[in-house]
Amino acid sequence: MQPAEIPIRQATPEDIAGISIVRASVRENLQTPEQLMAIGITPASVAASLTAECRGWVAEHSGRIVAFSIADGEASSIFALFVLPEYEGRGLGGQLLAAAVRWLWDQHTDLIWLTTGPGTRAARFYERAGWRHTATDAKGELCFELRRTVP
């Protein structure tokens, strides 16, 4: 199946159940609902953020959310990008990242950042996409930045 066959659309609060399933099904950076709740990430907080400072996008196949991204406009960051394991390698992550980056550029930022675990497929994905590793935070997460290029 080609990525074009799996549409990408803007996420709504009604998508939170599907987003939560994807988030709990990943191979890397897996966190339980309890672990996420301990750091303030709940279905209600994510739903509220989608109508405030954040925007999200979902890839939906046969009525099922199979991947998602969320960008934080206030922080100029990529908050989340996850793909169900059985949908990896189809270009969905790249499409979802591109949607989030476009939206953040539209928010008039010239620098976007994110963090991810060291030695992960995610870290390699961001490097291939042109993100630059700039630091390691206190938790050991790699900090990446993407600067807007001026034509």
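Remarks
- Annotation for segment 64-74: at least one member residue is over 15 Å from the mean Cα position of the chain (by Cα), more than 22 Å from Val22 (Cα to Cα) and assigned to a loop (DSSP other than H, G, I, E, B).
- Any hit, segment 101-112, residues being over 21 Å from Ile21 (Cβ atoms), exposed (fewer than 14 other Cβ atoms within 10 Å of the Cβ), charged (D, E, K, R) and in contact (Cβ under 8 Å) with a residue 24 or more places away in the chain: yes
- Condition met for Thr136 (touching a Cys at 6+ places or on another chain (Cβ under 9 Å) and crowded, with 16+ Cβ neighbours inside 10 Å): no
- Condition met for Ala52 (in a helix (DSSP H, G or I) and either closer than 21 Å to Thr149 by Cβ or modelled with pLDDT under 95 (or both)): no
- Residue in segment 4-20 that is modelled with the highest pLDDT, counting only those that are over 14 Å from the mean Cα position of the chain (by Cα) and surrounded by fewer than 17 Cβ atoms within 10 Å (Cβ to Cβ): Pro7
- Only residues that are among the charged types (D, E, K, R) and surrounded by fewer than 15 Cβ atoms within 10 Å (Cβ to Cβ) were counted across segment 53-87, and they come to 4.
The values are calculated or read from the model by the stated rules, or taken from the named source; none is laboratory data. Note that this is a predicted model, so its numbers are computed, not measured. Cβ sites come from the backbone with ideal geometry, for glycine too, and all protein chains shown count toward neighbours.
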